[in-house]
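To start, I am sharing the structure in question, which I have written as C-alpha cells.
Here, each number is a calculation from the coordinates, and none is a lab measurement. Since we're looking at a predicted model, the values are computed, not measured. Backbone-built Cβ (ideal geometry, glycine too); neighbour counts: all protein chains shown.
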Amino acid sequence: MSSNSAFRVPHSALGLSRRELLARSGTGLGVLGLAGLLADESKAAAAASVASNPLAPKVAHHPAKAKHVIHLFMNGGPSQVDTFDPKPELTKRHGQQPGAAGLKTERKTGGLFASPFAFQKCGQSGIEVSEIFPEVGKCIDDICVIRSMHTNIPNHEPGLLLMTCGNTQAIRPSMGSWLTYGLGTENQNLPGFVVMCPGKPVVGPALWSNSFLPGVFQGCHIQNLDPKKVIDHIRNSNVGTGTQREQLDLLNALNGVHKETRPGDDQLDARIQSLEIAYRMQTEAQDAFDVTREPLKVREAYGKGYFADACLTARRLVERGVRMVQVFYGGGQPWDDHGDIEKGHRAKAKDSDRAIASLLRDLKSKGLLDETLVLWGGEFGRTPTSEGQNGRDHNNHGFSVWLAGGGVKGGMTYGATDEFGFAAAENKVHIHDLHATMLHLMGIDHEKLTYRYSGRDFRLTDVHGHVVKDILK
C-alpha cells in the first residue's frame, strides 16, 4: 500500500461519520460551513417548491392548534336574541318604545320585541340556547359563543365583505385565499379553498375572490353537489388520464417558454396552475363530493337538502386535507327575516340544526375536531325591536357567532351585549379580532401575513385586530 493510499481509507473505518469528522477538524469550523450550505440548499429547495407549486404546504409562524377551517355562513344575519343571546328584559318590556325603556337607537324602529322562542340551559356548562337549535344545544360543551361581536355598517354588501374579506369595500382577498396563500394545502388533488353555495349571495364571487393575490388562491365555488356535475366541466371523455398527462406536460412546457417572455404575469401563472389542478381533481373530486359513499346512518343523521349535504361534504373535504371550506346557507340573504322572525328563523333552524350538530359530532368522533376550527354566524345580527309586526331589522352593534374545535375552549360564552341585546357592552370583539384569532389558531401572526400590492402591504386585518386570548385553550 502506498503512502498516498492511506488517504483513501474510508472515514467509516475510523469510526467517524463525515459530519463527525468535520466537527472534530479545525475546531469545528467545517461543520459550521456545512450547516450554512445545507441551510441555503433547504431554503432554495423550499423556494423552488413554492414557485413550482404555490399550494404546497408552508411553514406557519408559530405552532398551530388548527389545520382546517369550516365556516358555516348564515348569510342574511341571524338574530342573536333569538338564537344564542337570551334577553329576559325584552320579555318584561315587550311592546315598549325603545326610548321609553332607555334604549337609544340611531334609526326609528318599532317597539321592543320579545323573542317568540324559549331558551333552555344545555350541556354541563348550562349555556342557554334557543329551542330552535335543540341538537346544537346538545353540543354546546364543545362550543364557545361570542356574544359581543360588532361590525361597521348594517348593510348586507359591506357586512358580507367585511366578514369574508376583512374590508367593507370590494375587492379584497377572502380569508380562505389568505389562508391558502399563507399555509398552502395538504391535498394537492383538491382545491385548497372550497366554497359551497347554491346560488349567488348578494355580493357574489367577490366574497371568495383572490383579488390581488395570485389566481391559484381563489375559492372554488361549487353550486351543484352532484359529484358528476362538480367535475363535469373538467373531465375529458375522449382520452385517458395517461394521454391527458402527456398533453398537459407538453402544454406546461410550451407555457413555460411563453412565461419566460412574460415574467411576473400572475394571470398566466394562475392559468397554468388551474390546468394542473383540474387534471388532478379528476382523480379525487368525484369521490370527495359523493356523499352517497357515506353509510346510510351517517347521511340520515345530517338530514336532507343542500345545506345538509354541504356540511357532510365539508367534513369529507377537511378529512382529505382541504385547508378551508365555506358553506353558505343559501343564495341571496336567507336569514334576512324582516317580516316574520318566528316563521323564518324556525324554518331555517329546523333545516340546519341536525346538519350542524352532526358535523360537530362527526368531526369529534373521527378525531378531527381538535384540528378543525368551525365558525357559525352571519354578517351581523338583528335589532331587539320589531320591524313591522314580527320582523327585525339589521343590527351591526351587537350580535353572536360561535366557534368550536381547533384550539378554542368549549362550553363557554365570551362578552355580552346590553340588557336588550342591541349593542356589545362587555369584552367587545370586532370582526378584525375574530379574523386575527382564527389566523392565530392556524399558526399565523395576522400582522405578518402580508402581500405587497400597489405600493403598500395589505393583510386580512388591515391595520386592526387583536387575538382574543381568553377563548383559547
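Run through the stretch 113-154 and list the GluC sites (Glu not before Pro) located in a DSSP loop whose Cβ has at most 15 other Cβ atoms within 10 Å.
For GluC sites (Glu not before Pro) across the stretch 113-154 that sit outside H, G, I, E and B with at most 15 neighbouring Cβ atoms in 10 Å, the list reads 131.
Right, here's the next one. At R0 = 45 Å, how high is the FRET efficiency between residue 97 and residue 131 if r is their beta carbon distance? Nearest 0.05 is fine.
0.95
Using the beta-carbon distance between residue 120 and residue 371 and R0 = 30 Å, what value does 1/(1 + (r/R0)^6) give for FRET efficiency, to the nearest 0.05?
FRET efficiency, residue 120 to residue 371: 0.50.
Provide, for the stretch 91-245, the number of lysine pairs with alpha carbons under 24 Å apart, each pair being eight or more places apart or on different chains.
6
Can you give the net charge of the other residues whose Cβ lies under 13 Å from the Cβ of residue 86, counting K and R as +1 and D and E as -1?
Spelling it out: positives minus negatives among the neighbours equals -2.
Quick check: residue separation of residue 425 and residue 463 times 0.36 nm, minus the Cα distance between them. What number comes out in nm?
Here the segment from residue 425 to residue 463 would lengthen by 11.4 nm.
Further, regarding this structure: Find how many whole Å separate the alpha carbon centroid of the stretch 309-378 from the alpha carbon centroid of the stretch 150-214.
Answer, in whole Å: 17.
Suppose each label sits 7 Å from its Cα in the direction of the beta carbon; what would the residue 342-residue 452 distance come out to in nanometres?
6.1
Sticking with this structure for a sec: Kindly rank 90-103, 407-420 from highest to lowest mean number of other beta carbons found within 10 Å of each residue.
In decreasing order of mean packing, 90-103, 407-420 become 407-420, 90-103.
As an exercise, use a Förster radius of 60 Å and the Cβ-Cβ distance of residue 188 and residue 389 to find the FRET efficiency, rounded to the nearest 0.05.
Taking R0 as 60 Å, the efficiency between residue 188 and residue 389 is 0.65.
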